[in-house]
Structure formats: structure tokens, C-alpha cells
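Single-structure report; data block below.
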Amino acid sequence: MDREKKFCFCITRRRVISAVILVASVLNLIIVGAAFDVTFPEAAPTATPSQTPDVITMTFSPATATQGIPPPMTATPSNTPTQTATDTPTTTYTLTATLTDTSTPTNTPSPTPTQCVPQYYWPVYVVKRGDNLSALAAATGSSVAGLMRANCLLGTQINIGQKLYVPHLPIITPTSTPTSTPTTFVDTLTDFSLYGAMDCDPPDYVSFSIFADDPEGVFSVMVQVYSNQNVLIAQIDMASARGIYIGSGPLIKPYTVYEVGYYQFQATDGFNNTTFSTSYSERSQSCIG
């Protein structure tokens, strides 16, 4: 009859120390493995990795009473990753040329129309029946084109009673008819009589008064003022006050009252006939510098 074997384990001081060292060694391996753990990147979809899991082989030998410190555990890691590379195609870009218009636009400026300025400093002539530009140009020492420019006319048509600027007023020669023919009309010139000398309000304001009478009636009266150099420096319309015509106004700048040489009156009767007075130079004390 076989003897029954008994296994007895005695706890000794040495065995307790060996167990503590063994546990410390295992914890140390776990901490070292966690600290040096390697994480591999996720493989591309086209790669076929082959990996063998880590295998740790530990050999444990129970301690005996005659043994000293137990030998340390031996861990053998095995990690053999395998990865297959996959060829990736390369994208090729093609440049497309773009045409750019480099032409420079050219702006052609439009001609600016010339503004017409009437010759205000010329004497005024009132158009009569039978007048035309050609005859007036010859009588005033001008030309048809010159009169059109001076009056800003667009054509050669003129009307009776129209006022035109002319370089010189035409000389009117009155025609007389024998008084033996009562049916023939005889034009009578306007009679002028200076009512008062030229009065002044310096530096450029002047006043005039004259008596004018005409059997055919006086239609209008104006005064023209000239400088010592025969330049027209004022033309003023006059109003009637019981047969006496009075008018006042400024001279053309930069002329002053002290530069007036003489003045002359012009009257138009009821038949549009024009009469000029003689030249006057009378002036009041306020006109003398």
C-alpha cells in the first residue's frame, strides 16, 4: 500500500522576502511595459499588415528551504509587424493660358462751340424799310459777315425796327420834295436843344437831359457817350417828361466821368427816321476832376 504523500509549506522569513521581491519584479515589468509601449499608426486601406502578438514567457521555480533569493522572471517579447507598401498615383496639373486684352481706348475730344458776344460798344442802328445787310455793310464800313458776327445773327434776314450794332452809323441825307406838290411827304429832322449840361456822380455815373421835337413824333431818344479817344463808353436810353428827355446810367468799366470827351443824342421819329444831334461837351462842376 502506497504511502500518502503530504506537501507541507512552511512560512519562513526568507520565503516572505522572496515573495515580496517576486511581486515587486512583476509590478516592475508591468510598469516598464506600459512606459515603453509602442503604438503603430493605422495602416492605409491598401496595406495588409501582419502582426504577431507579444508573447511573454515566464519561468517560475518554487523556492526551497535550501535556496536563496529566487531567480528573476524572464520575459521574452515578440513583435514582428509586417506591412506591404502600395503605389499611389501622382496627379498632373495642366496650365491653360488666358488671353488678356491690352489695347488702350482712345478718347477723341468733341469740339467746343464758340460763344458769340455782341459788339455792345458799337452804335445801335434801327432797321428801316428797304434795308438789307449788304446795303448796311456798305453804309457802315463793314461787311455782311462782320455784321452777322457783331450781332450774333444766324442768317442775313433782318426785320424793320430791329436794332443792330454797327461800327459807324450811316449818314442819312434827307430828301426834299418841292412844296408845290402837296401830296408828297417831306421828312422833317428832329430838333434838339440841350436842356442841361451833363451831370456826374463819380466815379462812373452820368446824367443827361435834352429837348427833342419832331413833326412826325418822337419815337425814342438815346444818348451816346464817347471818350477823348472817340471810344463809345456808354449808350443810355432816355425817357420823355413833357417833351424833355432825361436819362442816366453808368459808363463802361474801367472808364470814369473824368474821361468823357463828348456826347451825342439820337432820335427816331414815327416813320423810323433817325436824326443825330451835334456833339456836346458841356458838363457840370461834379464832372470836372
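Numbers at a glance
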| read-out | value |
| --- | --- |
| Rounded accessible area of residue 194 (nearest 10 Å², 1.4 Å probe) | 50 |
| Accessible area in the full protein assembly, largest first, 1.4 Å probe, for 134, 18 | 134, 18 |
| List 242, 283, ordered by accessible area with a 1.4 Å probe, largest first | 242, 283 |
| Portion, in percent, of the accessible area of region 241-289 that falls on carbon or sulfur, probe 1.4 Å | 55 |
| Residue 163 accessible area, assembled protein chains, probe 1.4 Å, Å² | 120 |
| Region 124-166, accessible surface, carbon-and-sulfur percent (1.4 angstrom probe) | 52 |
| Segment residue 163-residue 197, extension gain: residue separation times 0.36 nm, minus the distance between their alpha carbons | 9.5 nm |
| Cα Rg, Dmax (largest Cα-Cα span) when computed across region 181-286, Å | 14.9, 55 |
| Which of 245, 165, 263 is most accessible, then next, and so on - probe 1.4 Å | 165, 245, 263 |
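The values are calculated or read from the model by the stated rules, or taken from the named source; none is laboratory data. Fair warning: this is a prediction, and the values are worked out from it, not measured in the lab. To get the accessible areas, we keep the full protein, side chains included, count just its heavy atoms, and leave off ligands, DNA and RNA. Shrake-Rupley method; radii C 1.70, N 1.55, O 1.52, S 1.80 Å.
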